[in-house]
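The values are calculated or read from the model by the stated rules, or taken from the named source; none is laboratory data. Predicted model only: the values in this text are computed from it and were never measured. Glycine gets a Cβ as well: all are built from the backbone with ideal geometry, and neighbour counts include every protein chain shown. Surface areas here come from the heavy atoms of the whole protein model, side chains and all, with no ligands, DNA or RNA. Shrake-Rupley method; radii C 1.70, N 1.55, O 1.52, S 1.80 Å.
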Amino acid sequence: RVGPDWFVSASYGNIFVWDVVSGDSLGVVNRVDCKSRLSLDSGDATALHYNKLELVCGDSIGKVSTMWIESGEIVQSSQVHEGKITCLEVSSTWAITAGVDMTVRVSDLVRGDTLYVLRGHSRPILAISFKRFTVVSASKNGDIRTWKIQSSEEDAT
């Protein structure tokens, strides 16, 4: 993931926020300095999403954690999947995740609650996209599914 002057990478339970100094107008990177190192309680980071203040991370044991980038403080962490999270999208206060447990899950980032569990894939899910209350998911066997999420806490269709 890339911001205007920084990017985020992850490796073995550590999340790095990097400061990028451009060399010229073409955006050639001359120097990259690590701004901060954030650590998860457990598991390895497998999916990331961030904005200017916070980072949302899915991990290898199925947890979704939200942390402040500046301090590294984990402000919310909850068990969402049974196994590794393979992809993650964030929309407002929702985390939309998918994993090796063959489910797509929609969670409330503030409370940590799972709002929806979407089942139907027969293989691990490798990619998701979320826009206007619609989730599109693709699994390892090539299946693509479309899910419509209700704006209230009704069941997804």
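Quick notes
- Strands (runs of 3 or more DSSP E) wholly inside region 1-86 containing at least 2 residues that are open to solvent by 30 Å² or more (accessible area, probe 1.4 Å) and modelled with pLDDT under 80: 6-11, 14-22, 29-39
- Sole residue being assigned to a loop (DSSP other than H, G, I, E, B), among the β-branched types (Val, Ile, Thr) and either modelled with pLDDT of 95 or more or over 23 Å from Trp68 (Cα atoms) (or both), chosen from Thr146, Thr157: Thr157
- The residues in region 113-122 that are charged (D, E, K, R) and at pLDDT 95 or above can be counted, and the count is 1.
- Candidates Gly112, Gly142, Gly99, Gly120, filtered to the one that is more than 19 Å from Ala47 (Cβ to Cβ) and in contact (Cβ under 8 Å) with a residue 24 or more places away in the chain: Gly120
- Test set (1) closer than 15 Å to Thr66 by Cβ; (2) assigned to a strand (DSSP E or B); (3) open to solvent by less than 40 Å² (accessible area, probe 1.4 Å) - Gly112 fails condition number: (2)
- Residue in region 126-140 that is β-branched (Val, Ile, Thr), under 29 Å from Ser39 (Cα atoms) and assigned to a loop (DSSP other than H, G, I, E, B) present: no
- Cβ-Cβ contacts under 8 Å between residues 6 or more apart (or on different chains), taken from a first residue in region 67-82 that is on the phi > 0 side of the Ramachandran plot to a second residue that is charged (D, E, K, R) and open to solvent by 40 Å² or more (accessible area, probe 1.4 Å), are listed as Gly72/Arg37.
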